[in-house]
Each structure stands twice: as C-alpha cells, then as structure tokens.
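Below is one structure, written out as structure tokens, with a few remarks after it.
The values are calculated or read from the model by the stated rules, or taken from the named source; none is laboratory data. Everything quoted here is computed from the prediction, not taken from an experiment. Note that we place each Cβ from the backbone using ideal geometry, even for glycine, and neighbour counts take in every protein chain shown.
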Amino acid sequence: MDYKFIKVLQSKEHVEVLYTLLSERKYNISHIEMPSKNEHKEFVFSKPYKNWFLVKCEKSFIGTFYIQDNNSISINIKEKFYEDGIPRVLSFIKSNFVPNKPIKSLIPKDFYINTPSGDIKLHKVLANIGYKHNQISYII
C-alpha cells in the first residue's frame, strides 16, 4: 500500500477532511462533543500542534497524526489500517523529526504516544512492534 503524509494546511479542503475524520473517530482523548464546523475551522487555523499531518493511503485520507512541543504524539487513523499504518506513521516520524530537548519533569528526551485507554487494538499493535507502555493517566 502506498502511504503519503501531507502537512496540514489552513485550507478549506484540509478543514473539511479533518472534520470528517474527527466525526468518524471511534476513540478520543481530548474532545467529548463534536465541535461545530466553524469551531473546528478556528481550531485548525490556530495551528495548535508543532507538526500535524494527514495520512493518505492510496487515494483515501485514513487519519492524522500530530506532534506537540512536549514530544507527545497522537495517531488517529482508521482502525482497519492499524496493522500496516501505525508502523508506517512511526517510521515517517522517526525519519523526519527529532524530539525537542528534554526539560526535567516537563519534556522527556524521547517521543511518546498518547493513546485512548479503550483502544485495545492500538495498544496491541504498538506492543507487537516493540513499544512498551510506561504511564497510565486518570482524569480527576
């Protein structure tokens, strides 16, 4: 399968693609309710992440990933693409980006991935390709 990684732009097309992908997501960490299209556009135009990419497989957009200043990564791709897509996304990240310098108690020296607790399939894929979990977070 042919994967492409396309930097998110402040364009009408990207806002629409991102909104559709967000509406199709099965698992979420940071949002509970779907934003309005205008709220979503404002969010995209605010450039909230250090690096934000659309993931395209063949001719279809299948998800996104982003990297934040604290070296955290979020990968949101359609579940049927996990087995092949997750390793491809991580390979792209490792080949094209360098973690920010660590700051004790704030920024770890390596990239790390935030995953929704209920996304067991994603956890298994990450474990199967050699990644280890090191933190569990609770909302209080």
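Within the stretch 77-127, the set of residues being under 17 Å from Glu58 (Cα atoms), touching a residue at least 24 places away in the same chain (Cβ under 8 Å) and not charged (D, E, K, R) comprises Phe81, Tyr82, Gly85, Ile86, Pro87, Val89, Phe92. A Cβ distance below 9 Å, combined with a sequence gap of six or more or placement on separate chains, defines the contacts here; from the stretch 23-36, residues that are surrounded by fewer than 13 Cβ atoms within 10 Å (Cβ to Cβ) reach residues that are among the hydroxyl-bearing types (Ser, Thr, Tyr) and not in a loop (DSSP other than H, G, I, E, B) in the pairs Ser30/Ser74. Flag: Val15 matches the condition of being among the β-branched types (Val, Ile, Thr), touching a helix residue (DSSP H, G or I) at 6+ places or on another chain (Cβ under 9 Å), at pLDDT 95 or above and part of a helix (DSSP H, G or I). Within the stretch 49-76, the only residue that satisfies the criterion of being assigned to a loop (DSSP other than H, G, I, E, B) and without any contact (Cβ under 8 Å) to a residue 12 or more places away in the chain is Lys59.
Within the stretch 93-113, the set of residues being of a type outside the set (A, V, I, L, M), loosely packed, with under 14 Cβ neighbours inside 10 Å and not in a loop (DSSP other than H, G, I, E, B) comprises Lys94, Ser95, Asn96.
The residues listed here are Ser60, Ser74; of these, the one that is within 22 Å of Glu13 (Cα to Cα), loosely packed, with under 12 Cβ neighbours inside 10 Å and not basic (Lys, Arg) is Ser60.
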